[in-house]
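**Student:** Here's a structure for you.
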Number of protein chains: 4
Amino acid sequence: MKSVEKHNKILVSATKVFAKKGFFNARISDIAKEAKVADGTIYLYFNNKFDILISVLEEEIGKIIEQIQKAIKKETDPHKMLTIFVHKHLAAMKQNKNLAEVIHIELRQSDKLVKEYRNKTFKQYIDLISEIIRLGQEQHIYRKEIMPGIAKRAFFGALDEVSRVWTETSTSSYSLEETTEQVLSLFLFGMIERRD
Amino acid sequence: MKSVEKHNKILVSATKVFAKKGFFNARISDIAKEAKVADGTIYLYFNNKFDILISVLEEEIGKIIEQIQKAIKKETDPHKMLTIFVHKHLAAMKQNKNLAEVIHIELRQSDKLVKEYRNKTFKQYIDLISEIIRLGQEQHIYRKEIMPGIAKRAFFGALDEVSRVWTETSTSSYSLEETTEQVLSLFLFGMIERRD
Amino acid sequence: MKSVEKHNKILVSATKVFAKKGFFNARISDIAKEAKVADGTIYLYFNNKFDILISVLEEEIGKIIEQIQKAIKKETDPHKMLTIFVHKHLAAMKQNKNLAEVIHIELRQSDKLVKEYRNKTFKQYIDLISEIIRLGQEQHIYRKEIMPGIAKRAFFGALDEVSRVWTETSTSSYSLEETTEQVLSLFLFGMIERRD
Amino acid sequence: MKSVEKHNKILVSATKVFAKKGFFNARISDIAKEAKVADGTIYLYFNNKFDILISVLEEEIGKIIEQIQKAIKKETDPHKMLTIFVHKHLAAMKQNKNLAEVIHIELRQSDKLVKEYRNKTFKQYIDLISEIIRLGQEQHIYRKEIMPGIAKRAFFGALDEVSRVWTETSTSSYSLEETTEQVLSLFLFGMIERRD
DNA sequence: GATGAATGAGCGTTCATTCAT
DNA sequence: GATGAATGAACGCTCATTCAT
């Protein structure tokens, strides 16, 4: 097995273990067993336990973030951009449940390094939303009263919490399509019934 | 000092320490020092470290949840109910930042007992939102296409993430009033600009 | 309740608790609860936990030892003296099972103070046996080859182990009389069948 | 060092420490230091502190018990069997003083697991005595009035207490041979002087 | 004298990390 | 590079003892 493959195998195993037990309850030996390597081998690829978590965040989550960012930057229509954002995000969360769990749980950690990651890479991701909103406001599609700095948080929080439904329940629950449609509809039109 | 007061002092200290370091990095001795009691004293009031976290969730958060639930149940107008919910929730989060941090971080834990709490008390809290939405739908105020089960999550997720702004930054940032107004406006009217 | 009575009540309670859990597993609060006093009260009557054990040994066991010593010193016939020793010892062990348990278990402790007690008071008790044997040898009743220093230990060890039967089993098992008779017969006549 | 050797080294060290301080006063770090390993290493070979004691009982004592049992089963003459039993037991106690101390002290513990060991393996050992006595009675060598169930206890108690003399005193005291001879003579012929 | 809440030293145990093989 | 036995720092928790009431 090539070095890169082993690095990745450990990362995927760590994601699985972190998802199941949480970072602090996960043991290096759990990850090693899951990856079918010796405990010591892990330290050939990562500096320490925390480095593994950071790597999961940076590499695993990073890949998804990058994908979504790319897909959006091809578009110019704010509506379509938002649609892509919502759909891709929820799809990724539904597909890779272990990673979703890690995002839900570990991204909140009070740890300095985790906060750092959230403030750098993850902030860029969320800021995509505010950029889209601003774009929409410039094109007079979105209401100018909306404050993008607050709206981006509301939007991401909604997506995050909504996607949790798939990691919580093993039963089918909501489909990806209806969830995407609901969230978009909610943020675009609001809840109020119009009679015009 | 009366027993109840000391119980409470430890709880407040624990909330502060958990907020700063997170549950797993918090030491019993940290909490003891913060509460100005001996390590052993803590065990006169709580069974173990985890029991303290659960108590923070159940007692401290519980109080706030109860308050909000009460305030809402006096109202009958869905709009006013939502307004109260948003305002009270954000006000509580802004006022008690330590507790807010604990909610943001620890409520996500993969631990069984924490999940249990989230599934019991906390679910009731979130379900308040779906009830209000259903009420609004019956009164033809809210669009019938909205699925309350998804909307409640989006709504709570938005509130939760939005309120994080106050624990993250020490600078003034957004005011309570404008944040409340923004979130309400977003969920009620959506982002799309109407020209009617 | 007079001071002396409380002192005694604690001692009896301690004997019971030590018998049940052993010295190290016994907690001061166990003894306090058994004696129906507050934890702190115990320290008005004893210096520390170990002092209680020593007091049990010295006072409770001491009383019995004294009784037996007195009864024997009234006699002059070695046979009768041995008979009294065996009977009284076994009777005491069967009667006060908690105390018997403490003798069985705690008298062995490697602790310095316990060893000291065993070397002082308890040695005197066991030395009663060697004195009786020597007396018998002088009167040409007991074989002169018997070494009293070894025989006294064999004798006491036998009594101690034999009496354990009553603390081990809740069922009736052997009676006091047959046990006394057996031990005496064994040490006096040995096991070999004589055909004379 | 092979795994088995280290396991054994810890066991021997533990026996020494238990002998000196007693189980409850012995610290894991004492045993580790004695065995020249790190504290944590002990837990690679034993589950917990108590497991070490149980292992000392089962493995160390077990070896001796087995040896003696084997040696006896080769014999058919009750007298010779008893002689072997006494000699081997006392020899083992005199040779391995640490183990002797542990037998003297820890085998009495009120702990459930210790009692269990005493009731299983150790009982078998003591029952060897009653079997020999019964055998002697069938061959009309030993008096039929002797109750083997009581005599076995008296016999073992005598041996146990007699062997204590070597762990108590550092001075030479009694030799192995004279002690063996005395105990045998005592139990076979009793103390009474015969004039026939 | 009596209480029992408070104390804090002390220890068993865990587990991330190292390093000889 | 890979292993996994060994390490030892770190911490939750207990409980004998104290002392203000």
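Only the coordinates and a few stated rules stand behind these numbers; no lab work does. Because the structure is predicted, anything quoted here is derived from the model rather than measured. As a convention, Cβ positions derive from the backbone with ideal geometry for all residues, glycine included, and neighbour counts pool all protein chains shown.
**Student:** Report, largest value first, the span of the C-alpha coordinates of the stretch B:1-93 along each principal axis, in whole Å.
**Tutor:** Taking max minus min along each principal axis of the Cα atoms, the stretch B:1-93 gives 51, 28, 18 Å.
**Student:** Can you spot the lysines whose alpha carbon is less than 16 Å from A:K80's alpha carbon? Ignore those fewer than 8 places along the same chain.
**Tutor:** A:K80 reaches A:K70, A:K88.
**Student:** If one takes the longest principal axis of the Cα atoms in chain D, at what angle in degrees, from 0 to 90 and to the nearest 10, does the Cα axis of helix D:148-168 lie?
**Tutor:** Helix D:148-168 sits roughly 50 degrees off the main axis of chain D.
**Student:** For the stretch D:97-140, take the convex hull of the Cα atoms, compute a quarter of its surface area, and give me that in nm², please.
**Tutor:** Result: 3.9 nm².
**Student:** At 222 nm, what value in deg cm²/dmol follows for the protein assembly as shown if DSSP H runs of at least 4 each add -39500 (n - 2.57) and the sum is divided by all its residues, to the nearest 500?
**Tutor:** Mean residue ellipticity at 222 nm (helix-derived): -22000 deg cm²/dmol.
**Student:** Measuring label to label, 7 Å along Cα→Cβ, what does A:Q95 give against each other copy in nm, shortest first?
**Tutor:** Label-point separations across copies, in nm and ascending: 4.5, 7.2, 8.7.
**Student:** Excluding residues on the same chain fewer than 8 positions from A:K36, give the aspartates and glutamates whose Cα lies under 15 Å from its Cα.
**Tutor:** A:E5
**Student:** To the nearest 20 debye, what charge dipole does the protein assembly as shown have about its Cα centre, counting +1 at the Cβ of each Lys and Arg and -1 at the Cβ of each Asp and Glu? List each step's numbers first, then the result.
**Tutor:** Values: 128 positive and 108 negative charges, 101 e Å.
Roughly 480 debye, rounded to the nearest 20.
**Student:** Please give me the summed charge of the neighbours of D:K63: other residues whose Cβ is under 13 Å from its Cβ, Lys and Arg +1, Asp and Glu -1. List each step's numbers first, then the result.
**Tutor:** Working: positive: D:K70, D:K88; negative: D:E58, D:E59, D:E60, D:E66.
Computed value for this residue: -2.
**Student:** Can you give the charge dipole size of the stretch A:57-189 about its Cα centre, rounded to the nearest 20 debye, using +1 on the beta carbon of Lys and Arg and -1 on the beta carbon of Asp and Glu?
**Tutor:** The dipole of the stretch A:57-189 has a size of about 340 debye.
**Student:** Go through C:K21/D:K33; B:K97/B:K152; B:K49/D:K21 and tell me which ones have a Cα-Cα distance over 26 Å in this structure.
**Tutor:** Numbers: C:K21/D:K33 30 Å; B:K97/B:K152 24 Å; B:K49/D:K21 33 Å.
From C:K21/D:K33; B:K97/B:K152; B:K49/D:K21, over 26 Å: C:K21/D:K33; B:K49/D:K21.
**Student:** Return the aspartates and glutamates within reach of C:K74: Cα separation strictly under 16 angstrom, same-chain partners fewer than 8 residues apart disregarded; answer none if there are no such residues.
**Tutor:** List returned: C:E66, C:E131.
**Student:** Still on this structure: DSSP loop GluC sites (Glu not before Pro) in the stretch D:125-184 with at most 15 other Cβ atoms within 10 Å of their Cβ, which ones?
**Tutor:** D:E145
**Student:** List the trypsin sites (Lys or Arg not before Pro) in the stretch B:108-195 that DSSP assigns to loop (not H, G, I, E or B) and whose Cβ has at most 11 other Cβ atoms within 10 Å. Which are they?
**Tutor:** Numbers: sites: B:R108, B:K112, B:K115, B:R118, B:K120, B:K123, B:R134, B:R143, B:K144, B:K152, B:R153, B:R164, B:R194, B:R195; in loops: B:R108, B:R143, B:K144, B:R194, B:R195.
Passing both the DSSP loop test and the Cβ count: B:K144, B:R194, B:R195.
**Student:** If you project the alpha carbons of the stretch B:51-196 onto the principal axes, what extent comes out on each, in Å, largest first?
**Tutor:** That works out to 54, 35, 28 Å along the principal axes.
**Student:** I would also like to ask the following. Report, as a whole number in µm² per second, the diffusion coefficient that Stokes-Einstein gives for the stretch D:132-196 at 25 °C and 0.890 mPa s using the Kirkwood radius over alpha carbon pairs.
**Tutor:** Approximately 180 µm²/s, per Stokes-Einstein.
**Student:** Can you tell me the equivalent ellipsoid semi-axes for the protein assembly as shown? Use √(5λ) from the Cα gyration tensor, largest first, whole Å.
**Tutor:** So the three semi-axes of the protein assembly as shown are 81, 30, 21 Å.
**Student:** Classify the stretch A:68-109 as rounded, prolate or oblate, taking a ≥ b ≥ c as the square roots of the eigenvalues of its Cα gyration tensor: rounded when a/c is under 1.5, otherwise prolate if a/b is larger than b/c and oblate if not. Spell out each step's value before the answer.
**Tutor:** On the way: a/c = 3.14, a/b = 2.35, b/c = 1.33.
Prolate is the answer for the stretch A:68-109, as a/c is 1.5 or above and a/b outweighs b/c.
**Student:** Also: Would you be so kind as to identify which of B:L186, B:W166, B:I150 lies farthest towards the positive end of the dipole of the stretch B:148-192, taking Lys and Arg as +1 and Asp and Glu as -1 on Cβ and the Cα centre as origin?
**Tutor:** Positive-end residue among those listed: B:I150.
**Student:** On to the next question. Which distances, in nm and shortest first, link the C:S29 label point to the same label point in every other copy, taking 7 Å along Cα→Cβ?
**Tutor:** 2.3, 2.6, 3.3
**Student:** Which residues does the label zone of B:R194 cover in the stretch A:140-167, counting backbone N under 13 Å from a point 7 Å along Cα→Cβ?
**Tutor:** Answer for the stretch A:140-167: A:143.
**Student:** At a Förster distance of 60 Å, what's the computed FRET efficiency of A:E58 paired with C:E66, Cβ-Cβ distance as r, to 0.05?
**Tutor:** The pair A:E58/C:E66 has a calculated efficiency of 0.15.
**Student:** Once both labels are modelled 7 Å past Cα along the beta-carbon direction, what's the D:R27-C:N48 spacing in nm?
**Tutor:** 1.5 nm
**Student:** Name the trypsin sites (Lys or Arg not before Pro) in the stretch B:28-58 that are in a loop by DSSP and that have at most 13 other C-beta atoms within 10 Å, would you?
**Tutor:** Passing sites in the stretch B:28-58 are B:K36.
**Student:** Once Rh for the stretch D:1-46 is found with the Kirkwood sum over Cα pairs, what is the Stokes-Einstein diffusion coefficient at 25 °C and 0.890 mPa s, in µm²/s?
**Tutor:** This corresponds to a translational diffusion coefficient of 238 µm²/s.
**Student:** Amide H to amide H under 5 Å from C:Y142: which residues, 5+ apart in sequence or cross-chain, H placed 1.01 Å off N in plane?
**Tutor:** Hits under the 5 Å cutoff: C:Q137, D:E193.
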